[in-house]
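Everything on this sheet refers to the single structure shown next.
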């Protein structure tokens, strides 16, 4: 379990400039978008956690849920103050805020709880490597900017790292633990330990895991374009075999076409 701490900081952004770091104008705009998105996303998280809380009986998970929700609520209020200050200078911006909030409200209404918990848990899991890049480069990205906005963002990023496991803890407890229990109730010819919620016995070389982790991190960067990703060689092989008319229902594994050819 993590241990989120509630830090109630009296933020004030009166007169803040839209380009709050003249040395980093593109970054300034990107982080302003974070403030607008936070107003909708943090609300979405709180609604998701509210919906997930009733069936939770484990005291430790329940404490995690409540601290997680409270911390995200503080983030939403802080970024709303930043947004409000920007709106005072640019009166047309409420439309951008309303549209952002509506996107998350619509998503919440359109999907089921399992989706929301997976969405929140997945995003929260990738925040740490993303925010680490920004924090590690704070001298470049933040030092020349308005101290109030720089401090707001660094506070938020540090707290996101603090509760980095919370979303996944809730998802595992509400969704994955349930699946594991159902598997255990129905599947009696498999060892119980492999039916649990979290699996750690998947044999992939550590180097490949690290390369995958790096690729996932890079995929979340603002400059990322999927067109330029390194593809597995098997991707071309699979397509070539399909184009040759092979039976792709038995393309790999025991009894596959490849196995039959090798045996011959």
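The values are calculated or read from the model by the stated rules, or taken from the named source; none is laboratory data. Just so we're clear, the structure is a prediction, and the values are computed from it rather than from any experiment. Don't worry about glycine lacking a Cβ; one is built from the backbone with ideal geometry, like all the others, and counts go over all protein chains shown.
Couple of notes before you dig in:
- Filtered residues of region 99-111 (kept if loosely packed, with under 13 Cβ neighbours inside 10 Å and either at pLDDT below 90 or farther than 26 Å from residue 219 by Cβ (or both)): 102, 109
- Cβ pairs under 9 Å, 6+ apart, first in region 132-144 and assigned by TED's automatic domain parsing to the domain that holds residue 157, second exposed (fewer than 12 other Cβ atoms within 10 Å of the Cβ) and at pLDDT 90 or above: 144/22
- Between 30, 51, 38, the distinction of being in the same structural domain as residue 150 (by TED's automatic domain parsing), at pLDDT 90 or above and either in contact with a strand residue (DSSP E or B) (Cβ under 7 Å, 6 or more places away or on another chain) or over 30 Å from residue 173 (Cα atoms) (or both) belongs to 30 only.
- Residue that is more than 30 Å from residue 7 (Cα to Cα) and at pLDDT 80 or above, where the choices are 162, 181, 193, 240: 240
- Among the residues of this structure, residue 121 counts as one that is assigned by TED's automatic domain parsing to the domain that holds residue 69 and either in contact (Cβ under 8 Å) with a residue 40 or more places away in the chain or part of a helix (DSSP H, G or I) (or both).
- Failed item, numbered, when residue 118 is tested on (1) farther than 19 Å from residue 164 by Cα; (2) modelled with pLDDT under 95; (3) touching a helix residue (DSSP H, G or I) at 6+ places or on another chain (Cβ under 9 Å): (1)
- Criterion (within 30 Å of residue 114 (Cα to Cα) and either assigned to a loop (DSSP other than H, G, I, E, B) or under 21 Å from the mean Cα position of the chain (by Cα) (or both)) met by exactly one of 5, 19: 5
- Residues in region 216-230 that are in a loop (DSSP other than H, G, I, E, B) and modelled with pLDDT of 75 or more: 223, 225, 229, 230.
- If you go through region 63-88 and keep only what is under 21 Å from the mean Cα position of the chain (by Cα) and without any contact (Cβ under 8 Å) to a residue 24 or more places away in the chain, you end up with 66, 77.
- Residues in region 149-167 that are surrounded by fewer than 18 Cβ atoms within 10 Å (Cβ to Cβ) and under 20 Å from residue 86 (Cα atoms): 151, 154, 155.
- Residue in region 39-58 that is out of contact with any helix residue (DSSP H, G or I) (no Cβ under 7 Å at 6 or more places or on another chain) and surrounded by 13 or more Cβ atoms within 10 Å (Cβ to Cβ) present: no
- All conditions in (1) modelled with pLDDT under 80; (2) within 23 Å of the chain's Cα centre (by Cα); (3) over 17 Å from residue 34 (Cβ atoms) hold for residue 173, with the sole exception of (1).
- Per this entry, residue 154 is counted among residues that are part of a helix (DSSP H, G or I) and free of Cβ contacts under 8 Å to residues at least 40 places away in the same chain.
- Residues that are assigned to a loop (DSSP other than H, G, I, E, B) and either assigned by TED's automatic domain parsing to the domain that holds residue 143 or farther than 27 Å from residue 174 by Cβ (or both) do occur in region 111-118, at least one of them.
- Neighbours by Cβ (under 6 Å, 6+ apart or cross-chain): first from region 232-260, farther than 27 Å from residue 215 by Cβ; second at pLDDT 85 or above and outside any loop (DSSP other than H, G, I, E, B): none
- Annotation: residue 84 fulfils all but one of (1) surrounded by 15 or more Cβ atoms within 10 Å (Cβ to Cβ); (2) over 15 Å from residue 152 (Cβ atoms); the unmet one is (2).
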